[in-house]
Amino acid sequence: MMTTSQQGRTNRLTRPSIAVAAAVAVTAGVVAAAPDAKTAEPTPKLSLIAASTSVTLDSWKDDPGVYLDLGTYLTSENGAFELKVTRKSYKDPVVATQVLRNGKKTTAKALPAGLVKDFSGLPGFAQVSVTDAAGKTVLKQTEAFCPNNASGRIRPDAPAQSKYPQSCPVNPFTLGSVWGVENGWASNTYAGYYAKPVQLAAGTYTAKISVTKKYRDLFGIANKPQTVKVTVRERSYEEEEGSGSAARSAAPRSAKSAAGTQEHTGHTGHGGHEGHQQAADAPAASAHAAHGAPARPEAPAGRTTGATPTFNVGHGPYPPAPPALPWALKKESLQRQAFSAAKVGDRPGQTDGSRQAPAAKANAKRPTGKATVPDVPKPDLRSLPAYGITVNDGYEEKAGRDYLAFSANVWNAGPAKLVVDGFRSPGKELMDAYQYFYDAKGKQVGYTPTGTMEWDPRPGHEHWHFTDFASYRLLKADKKESVRSGKEAFCLANTDAVDYTVKNANWHPDNTDLSTACGQENSISVREVLDVGSGDTYTQDLPGQSFDITGLPNGTYYIQVLANPENRLKETNHKNNSALRKVVLGGKKGARTVKVPAHDLVNAN
């Protein structure tokens, strides 16, 4: 029997990729003149522009549907467009505030209650209508807009880098985010991963794109719709296969891919991410390319949880880093497809964060002198409630049993980052781990031993784990007695932007993916970092990680995620390390079910 989780994965395997849009170009008609200092408005001036008057979109016979990346952008002049999005707790709604900066003066403008429901962007921002050659309207829809979308400069004197994060987070337990369009920059209004393909026959169309009235009124955006001519051409991989090198040079802009469809909930088990480094080195081509067919373009990875700069949400037209492979897809043939489907790396005009952030380098030598824990800011590790909760049958590992799988996240509320170095003595299997402390200027002022790091050789791991970082327990209804427990060593990586509004939050952390953060088998030292504002999602998916519930009676239980269970790490507060999530088990052996009630206002399993 196929579980609901497996069905979801199977469905996602056929999802086509997002079309690649042209980068923002500095061209006549697009570049806005720099405002005169004497007449500059105190608030940013926002405008909708189109990078081109025409686009060509492909519809593939074996994968029908057109992604309406029409190349429209929201520009910001006279200052940056900045929004702060927060919630006080999971019992409180998400609220948005516009931050206005005028020199040293900063003011906040509360936006209407209920404007946003989550942290994935402004809903219903853009209105898109499409008419055919006869003038008949064939499509009309609204699309959400993430200001942290794929972006670029629109004038040469704009800041060289945008200070804002490179995606909008989608972790259901996100607490705070910052969205922005840098001054003199533009962000693509295309909804990216969240946009569903539309059915348009081959032919010519006219698309009209505008900002909806409520946002025009709210942000003072002029009502200047953009018109783009659209050519839809139908293509097939079979026809392209016989076109030889000429076809390969004109690679299709849309593709379906195993790697581009896994809904990413973190590291996919911190054991399902064997695809990261191999995919980074693989050619961006599907299985068709191996048989002489044209190489398909890089496919976008599945939706991720929004930490920058690697695990971006897939907003915008450019492909983020390939996700980890779920263990349900670990057969060699599927692995090959996923490894070859996505290629990591920035390219001209690509600023959506799909590059892999480099790892922070460990100290050249293990620390010497007396260990001290100085009175300086320290990290504050906190657990998020479990999510992504499903029941599986153990796949091929332990078929015939029932397992409760879930995603667990431990994040750092600051005000200091967690830095752990591992040092290896030649010939020894374990590394000695040390936690480092820094003063306000970033100078290292102390260290303390904090356990060990171990090399995990299992397929899908193959990196260094920091031991005793978190543990997981399945509690009975009284929340006291544990019926199942597990402890997992972690490779620390900044996979999720949990709250970028906390003090000292780093909007552009390093160590964002396992291939850069966790070392190699022959590493002599490793540095693992959990930055302020970011969290590390670990999906308990495999037997031995997930809870074996085969013999448990039906009823109410609680999944407990516990950070720093042995208190080996020094932090500011050890009382907020536990989080509980209620689950209700049902069904029969071999067909167990799980119901996940809402956690206060968060209604996500």
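The values are calculated or read from the model by the stated rules, or taken from the named source; none is laboratory data. Here the structure is a predicted model, which is why all the values come from computation and not from measurement. Glycine gets a Cβ as well: all are built from the backbone with ideal geometry, and neighbour counts include every protein chain shown. Please note that ligands, DNA and RNA were not included when accessible areas were found on the heavy atoms of the full protein model with its side chains. Shrake-Rupley method; radii C 1.70, N 1.55, O 1.52, S 1.80 Å.
Sorted from largest down, give the three principal axis spans of the alpha carbons of region 505-605, whole angstrom values.
49, 34, 27
Considering only protein heavy atoms and a probe of 1.4 Å, how much of the accessible area of region 476-605 is carbon and sulfur, as a whole percent?
With neighbouring chains kept in place, the figure for region 476-605 is 44 percent.
Near the amide H of Ser485, under 5 Å away, which other amide H atoms are found, from residues 5 or more places off or on another chain, if H is placed in the peptide plane?
Leu474
Which value, in Å², gives the accessible area per residue of region 158-206 when a 1.4 Å probe is used on the protein heavy atoms?
On a per-residue basis, region 158-206 sits at 30 Å².
Provide the net charge surrounding Leu48, with neighbours chosen by a C-beta distance below 14 Å and charges set as Lys +1, Arg +1, Asp -1, Glu -1.
+3
What order do you get for 126-137, 73-84 when each peptide is scored by the mean count of other beta carbon atoms within 10 Å, highest first?
Result, highest mean first: 73-84, 126-137.
Using a 1.4 Å probe over the heavy atoms of the protein chains, calculate the carbon and sulfur portion of the accessible area of region 122-244 as a whole percent.
Ligands and nucleic acids excluded, carbon and sulfur give 49 percent.
Past 19 Å, Cα to Cα, is the threshold; run Lys441/Lys503; Lys45/Lys224; Lys479/Lys570; Lys136/Lys214 against it and keep the listed order.
Lys479/Lys570; Lys136/Lys214
If amide hydrogens are placed 1.01 Å from N in the peptide plane, which non-local residues have theirs closer than 5 Å to the one on Asp63?
none
Report the FRET efficiency, 1/(1 + (r/R0)^6), for Asp217 and Val99, where r is their Cβ-Cβ distance and R0 is 22 Å, rounded to 0.05.
0.70
Give the residues of region 531-574 whose amide nitrogen is closer than 14 Å to a point set 7 Å from the Cα of Arg484 in the direction of its Cβ.
540-561, by backbone N distance to the label point.
Pop the C-beta distance of Ala440 and Arg233 into the FRET formula with R0 = 41 Å and round what comes out to the nearest 0.05.
0.10
What net charge is computed for the residues neighbouring Ala126, neighbours being all others with C-beta under 14 Å from the C-beta of Ala126, Lys and Arg scored +1, Asp and Glu -1?
The answer is +4.
Can you list, largest first and rounded to whole Å, the semi-axes you get for region 111-177 by taking the square root of 5 times each eigenvalue of its Cα gyration tensor?
Working through the eigenvalues yields semi-axes of 28, 22, 10 Å.
Name the residue farthest towards the positive end of the dipole of region 544-605 from the options Gln560, Gln545, Val596, assuming +1 on Cβ of Lys and Arg, -1 on Cβ of Asp and Glu, about the Cα centre.
Positive-most Cα among the choices belongs to Val596.
What figure in square angstrom, to the nearest 10, would you give for the accessible area of Lys417 with a 1.4 Å probe?
Accessible area of Lys417: about 90 Å².
With r defined as the distance between the Cβ atoms of Thr593 and Ser129 and R0 fixed at 41 Å, what FRET efficiency is calculated, to the nearest 0.05?
0.45
Could you give the length gained on full extension between Gln141 and Ser54, defined as 0.36 nm per residue of separation minus the Cα-Cα distance, in nm?
Gain in length upon complete extension: 29.4 nm.
So what is log10(I(q)/I(0)) for region 71-188 at q = 0.23 1/Å, when the Debye sum runs over its Cα atoms only?
The calculated log intensity ratios at q = 0.23 Å⁻¹ are -1.32.
Please work out how much accessible surface His574 shows to a 1.4 Å probe, ignoring ligands, DNA and RNA, in Å² rounded to 10.
80 Å²
On the full set of protein chains, 1.4 Å probe, figure out the accessible area of Ile524 and give it in Å² to the nearest 10.
Accessible area, nearest 10 Å²: 100 Å².
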